[in-house]
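Below is one structure; the comments refer to it alone.
The values are calculated or read from the model by the stated rules, or taken from the named source; none is laboratory data. None of the values given here were measured: they were computed from a predicted structure. Note that we place each Cβ from the backbone using ideal geometry, even for glycine, and neighbour counts take in every protein chain shown.
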Amino acid sequence: MDAVPDPLTTAEGVAEFVVLAELSMALSERLGGWSTDGADPDSSAAMASLAARLGGHSAWWTERIPESVLLEGERAAASGSGRLAEVLGLLDVAASDRRAAVVPVLDRLVAYLGALAERLSPLGDAPARRTIRLVLADLEDRPR
């Protein structure tokens, strides 16, 4: 029998959603820049579409972050995560390799969201689970 992952605490949820909001925005900005810089015209439409969707996802994740004063420390600690720089570093590639570089980043994000969903309560975390389902559906046609 597989072990059930420990449920997410409120503080852990804050950290997860802050990181996901920042990651989605950073990816949106990077891919949006790629879509207009003229370095790879063949992928510009795909990158523009992904950038727009990831920007929307950032807003969805931000909506999941509780605004409680009691959680300010968790929000501040999660902001600017080192994981963000690590993921963005994977996109430091030549223009001709951009589409190929995006594939594993988005695949990792999709896998991560699947694992995160397993840690969320079907009742207490229903809005976050819905957000995950929407993001996963939105990324279904990502480059592969």
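Values as computed for the structure displayed
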| read-out | value |
| --- | --- |
| Yes/no for Arg142 being surrounded by 12 or more Cβ atoms within 10 Å (Cβ to Cβ) and not in a helix (DSSP H, G or I) | yes |
| Options Ser49, Ser35; residue that is polar (S, T, N, Q), at pLDDT 95 or above, part of a helix (DSSP H, G or I) and over 25 Å from Ala117 (Cβ atoms) | Ser35 |
| Positions within region 129-144 being in contact (Cβ under 8 Å) with a residue 12 or more places away in the chain and closer than 17 Å to Pro104 by Cα, in sequence order | Val135, Leu136, Asp138, Leu139, Arg142, Pro143, Arg144 |
| Output for region 61-101, where each listed residue is free of Cβ contacts under 8 Å to residues at least 40 places away in the same chain, hydroxyl-bearing (Ser, Thr, Tyr) and not in a loop (DSSP other than H, G, I, E, B) | none |
| Any hit, region 102-113, residues being more than 28 Å from Asp6 (Cβ to Cβ), exposed (fewer than 15 other Cβ atoms within 10 Å of the Cβ) and at pLDDT 95 or above | yes |
| Residues of region 1-49 satisfying the condition of being of a type in the set (Ser, Thr, Tyr), crowded, with 19+ Cβ neighbours inside 10 Å and over 30 Å from Leu71 (Cβ atoms) | Ser35, Ser43 |
| Residue identified as within 23 Å of Ala11 (Cβ to Cβ) and either within 13 Å of the chain's Cα centre (by Cα) or not hydroxyl-bearing (Ser, Thr, Tyr) (or both) among Leu123, Leu139 | Leu123 |
| Region 90-111, residues that are farther than 25 Å from Gly38 by Cβ and not aliphatic (A, V, I, L, M) | Asp107, Arg108 |
| Those residues of region 55-79 which are over 12 Å from Met25 (Cα atoms), surrounded by fewer than 15 Cβ atoms within 10 Å (Cβ to Cβ) and not hydroxyl-bearing (Ser, Thr, Tyr), in sequence order | Glu63, Pro66, Glu67, Val69, Leu70, Glu72, Gly73, Ala76, Ala77 |
